[in-house]
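In what follows, a single structure is set out as structure tokens and then discussed.
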């Protein structure tokens with residue numbers, strides 16, 4: 001009896017509402033402190049009387065299911081505890097047996113109002129964050145489109161001038177001066193494009209929208225491409241770029257675009273912060289880990305600054321670094337891209353002696369043969385269709401295709417026009433803008449495919465967002481971002497789709 005009295009006292013003081021009901025759902029016990037009722041007010045009355053009207057039927061069904069199944073269960077209700085203020089309560093029922101016979105039900109009621117309100121608050125914050133993320137993504141896509149579209153005109157016409165210069169001005173006494181002007185225009189537009197790409201990339205990483213586009217890559221070819229693109233810059237500063245690796249024509253699967261951005265930023269920095277000497281790029285592959293090191297003989301980094309260099313918008317304050325342009329996002333972008341690729345970056349440096357940046361990226365070996373790729377054209381295209389609502393873009397792409405050897409190309413300004421055009425023109429390659437009035441590029445290509453047109457489809461868009469590129473890949477459509485670069489265009493025409 002003493003033990004039972006002690007147990008009853010514990011239950012009465014417990015921070016939960018304990019109660020017992022008979023099989024007719026009438027109260028036969030409750031712990032008075034937590035219930036807020038006296039025994040006279042509640043004992044002998046049906047539990048259903050105290051349930052909000054909208055829950056009476058389902059609550060009764062819940063009780064009967066516990067009785068029928070002989071198994072415990074849970075039920076939750078929402079009740080207005082004050083005008084406009086609601087509480088949430090969870091009920092747990094468990095069958096009580098005596099001599100293997102079900103005699104009553106033990107109930108526990110718990111106030112879970114704070115828990116539910118916190119969940120609702122978190123859900124509301126999540127929805128708000130998702131909306132803000134979507135707005136940010138849409139803004140990025142729009143900004144990318146709005147900046148890259150005019151930039152496509154600048155770089156496109158600069159490329160055409162450069163490609164056409166020998167033909168039209170080779171005998172001019174001003175040839176070298178004109179060539180220098182065009183070279184400066186190309187360099188300025190490329191710098192602007194690099195800034196735009198870096199800002200968009202790092203913002204995309206911050207918003208969690210950056211994803212991987214895994215393709216077969218020749219590691220050394222990509223490093224050589226980066227070297228070639230920076231060769232003029234290096235020569236101006238009296239710097240040699242060397243590559244040390246035994247990975248000749250070793251193919252791996254990784255994100256080509258992100259890898260090139262990493263290489264470009266690291267080698268560009270090595271040249272920028274050196275004044276002569278050698279920049280050495282080395283590459284090794286051990287099991288499934290690709291290791292790239294970029295070593296320079298430049299100004300180096302002090303121990304105090306090593307912790308800061310990967311932080312966004314941080315620039316070292318030495319006089320030499322102040323002579324070089326930049327926003328302080330290059331290395332933070334490299335680190336962000338390494339993180340997205342599942343890799344890491346580290347640095348070793350001695351002030352006034354040089355630095356070595358080492359990138360480690362997990363990759364998988366590609367099934368692509370490691371022998372030298374064929375230099376011959378995979379296919380000669382006869383008829384190209386350009387679909388773009390911007391006249392300058394039409395003109396540039398048509399002219400660049402002509403420079404690449406494609407003499408027969410037609411242009412249309414909308415998806416509807418393109419669908420009419422293919423009835424008579426029958427192109428074997430289609431260059432499709434993405435954002436057009438009424439019908440976008442994806443929808444137009446889908447409708448073209450339904451006509452059984454046997455053509456290669458390439459999206460040419462100012463939208464450089466990973467999510468958009470991934471959508472194109474999922475639809476088996478190739479993707480090229482604006483501004484259109486002649487070497488990239490020519491490479492695509494000479495590659496297997």
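Would you pick out the residues in region 447-464 that are assigned to a helix (DSSP H, G or I) and surrounded by fewer than 19 Cβ atoms within 10 Å (Cβ to Cβ)?
Taking region 447-464 as the starting set, the residues that turn out to be assigned to a helix (DSSP H, G or I) are 447-450.
Of everything in region 447-464, those that are assigned to a helix (DSSP H, G or I) and surrounded by fewer than 19 Cβ atoms within 10 Å (Cβ to Cβ) turn out to be 447, 449, 450.
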Exercise for review: Could you check, for region 74-86, whether at least one of its residues is surrounded by 13 or more Cβ atoms within 10 Å (Cβ to Cβ) and within 19 Å of residue 24 (Cα to Cα)?
Suggested key: yes
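Restricting attention to region 274-295, which residues are without any contact (Cβ under 8 Å) to a residue 60 or more places away in the chain and within 17 Å of residue 240 (Cα to Cα)?
Listed by number, the residues that qualify are 275, 276, 278, 279, 280, 281, 282.
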**Study point:** Leading residue by the ranking (farthest from the chain's Cα centre (by Cα)) among those in region 257-281 that are part of a strand (DSSP E or B) and farther than 29 Å from residue 211 by Cβ
**Key:** 277
Exercise for review: For region 474-497, enumerate the residues that are in contact with a strand residue (DSSP E or B) (Cβ under 7 Å, 6 or more places away or on another chain), surrounded by 14 or more Cβ atoms within 10 Å (Cβ to Cβ) and either farther than 20 Å from residue 194 by Cβ or in the same structural domain as residue 138 (by the TED database) (or both).
Suggested key: 477, 478, 492
Check your understanding: In region 286-297, what residues are more than 26 Å from the chain's Cα centre (by Cα) and over 11 Å from residue 356 (Cβ atoms)?
Key -> 286, 287
Practice item. Give me a count of the residues in region 201-248 that are within 29 Å of the chain's Cα centre (by Cα) and in a helix (DSSP H, G or I). Key: 18
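Does residue 304 qualify as being more than 17 Å from residue 194 (Cβ to Cβ), more than 23 Å from the chain's Cα centre (by Cα) and modelled with pLDDT under 90?
Numbers: more than 17 Å from residue 194 (Cβ to Cβ): yes; more than 23 Å from the chain's Cα centre (by Cα): yes; modelled with pLDDT under 90: yes.
Considered against the rule, which asks whether it is more than 17 Å from residue 194 (Cβ to Cβ), more than 23 Å from the chain's Cα centre (by Cα) and modelled with pLDDT under 90, residue 304 comes out as yes.
Here is a yes/no grid of residues against (1) in the same structural domain as residue 262 (by the TED database); (2) under 16 Å from residue 464 (Cα atoms); (3) without any contact (Cβ under 8 Å) to a residue 60 or more places away in the chain; (4) surrounded by fewer than 16 Cβ atoms within 10 Å (Cβ to Cβ):
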| position | (1), (2), (3), (4) |
| --- | --- |
| 128 | no, no, yes, yes |
| 132 | no, no, yes, yes |
| 149 | no, yes, no, no |
| 166 | no, no, yes, yes |
| 182 | no, no, yes, no |
| 189 | no, no, no, no |
| 197 | no, yes, no, no |
Check your understanding: So, in region 401-443, of the ones that are part of a helix (DSSP H, G or I) and in contact (Cβ under 8 Å) with a residue 40 or more places away in the chain, which residue ends up farthest from residue 456 (Cα to Cα)?
Key -> 403
Check your understanding: If you go through region 89-110, how many residues are free of Cβ contacts under 8 Å to residues at least 60 places away in the same chain and assigned to a strand (DSSP E or B)?
Key -> 10
Check your understanding: Given (1) surrounded by 11 or more Cβ atoms within 10 Å (Cβ to Cβ); (2) at pLDDT 85 or above; (3) more than 21 Å from residue 31 (Cβ to Cβ), where does residue 106 come up short, assuming only one miss?
Key -> (3)
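Out of curiosity, is residue 157 assigned by the TED database to the domain that holds residue 259, surrounded by 15 or more Cβ atoms within 10 Å (Cβ to Cβ), modelled with pLDDT of 85 or more and more than 29 Å from the chain's Cα centre (by Cα)? Can you show your working first?
Working: assigned by the TED database to the domain that holds residue 259: no; surrounded by 15 or more Cβ atoms within 10 Å (Cβ to Cβ): yes; modelled with pLDDT of 85 or more: yes; more than 29 Å from the chain's Cα centre (by Cα): yes.
So residue 157 does not fit the description; no.
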Study note, to complete from the structure: Residue hits (region 162-189; out of contact with any helix residue (DSSP H, G or I) (no Cβ under 7 Å at 6 or more places or on another chain) and either assigned to a helix (DSSP H, G or I) or on the phi > 0 side of the Ramachandran plot (or both)) are 164, 166, 167, 168, 176, 177, 180, 181, 183, 184, 187, 188
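Can you pull out every residue in region 1-40 that is at pLDDT 80 or above and not in a loop (DSSP other than H, G, I, E, B)?
So the first thing to find is which residues in region 1-40 are at pLDDT 80 or above, and the list is 18-29.
Answer for region 1-40, where residues must be at pLDDT 80 or above and not in a loop (DSSP other than H, G, I, E, B): 18, 19, 20, 21, 22, 26, 27, 28, 29.
The values are calculated or read from the model by the stated rules, or taken from the named source; none is laboratory data. Small disclaimer: the values here were computed from a predicted structure and weren't measured. Using ideal geometry, Cβ is built from the backbone for each residue, glycine included, and neighbour counts are taken over all protein chains shown.
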